[in-house]
Amino acid sequence: MSREGQPMAMLPFDAALSVRWRDLDAFGHVNNAQFLSFAEEARLQWMQALDGHGIYPEASPEVAAIQMNYRAQLHWPEDLVITLTAERVGTTSLTVGHRIAAASDASRVYADGHAVVVWIGPEGRPVPLPRPVREAVGG
């Protein structure tokens with residue numbers, strides 16, 4: 001179960017991750033590109049909690065756009081919580097908000113932003129959100 005007794009797949013969803021030594025750049029802090037990987041991993045954890053793991057014969061998710069605001073430098077070691085929210089639910093897409101914060105202090109935010117995820121059918125065109133995804137976002 002996630003926060004407030006909601007089933008695990010419901011948004012908002014919290015994913016726990018730890019900064020790894022290999023996430024650091026030559027300046028000794030987490031490279032900005034790695035924040036995108038943290039958000040991706042959180043989305044994958046969320047999808048794994050869905051019926052069908054977010055990938056279905058009739059539709060699979062693809063990131064159409066992503067935006068990240070960098071709020072503070074992040075160093076090793078650090079345990080993180082990435083909170084995902086449903087910012088916008090469309091017919092074929094979902095805008096997933098992401099907030100990367102310290103696990104020990106949720107007010108210490110390292111980055112935030114959102115990703116637009118579109119579900120694509122076998123013909124390569126957008127298709128309606130699969131039922132488990134729509135249910136997980138309250139639609």
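Odds and ends about this structure:
- Fluctuation leader among Phe13, Phe27, Phe38 - the chain, Gaussian network, Cα springs under 10 angstrom: Phe27
- Footprinting exposure proxy for Ile120, Ile82 (fewest neighbouring C-beta atoms within 10 Å first): Ile120, Ile82
- Sorted by Cβ density within 10 Å, fewest first, the residues Tyr56, Tyr110, Tyr70: Tyr70, Tyr56, Tyr110
- Taking each residue as 0.36 nm, the span from Ala102 to Thr85 lengthens on full extension beyond its C-alpha to C-alpha distance by 4.4 nm.
- Gain upon complete extension [Ile55, Trp76; 0.36 nm per residue less C-alpha separation]: 4.3 nm
- Value of [θ]222 nm, deg cm²/dmol, for the chain, DSSP H segments ≥ 4, -39500 (n - 2.57) each, nearest 500: -5000 deg cm²/dmol
- Dipole moment magnitude, nearest 20 debye, the stretch 3-136 about Cα centre, only Lys, Arg, Asp, Glu C-beta charged: 160
- Dipole orientation for the chain: of the candidates Pro126, Ala39, Ser60, Pro126 has the Cα lying most toward the positive pole (charges on Cβ; Lys, Arg +1; Asp, Glu -1).
- Annotation: the residues His114, His29, sorted from fewest to most other C-beta atoms within 10 Å of their own C-beta, follow the order His29, His114.
Read-outs throughout are calculated quantities, based only on the coordinates presented, and are distinct from any laboratory measurement. Please read these numbers as outputs of a predicted model, since none were measured by experiment. All Cβ positions, glycine included, derive from the backbone under ideal geometry; neighbour counts span all protein chains shown.
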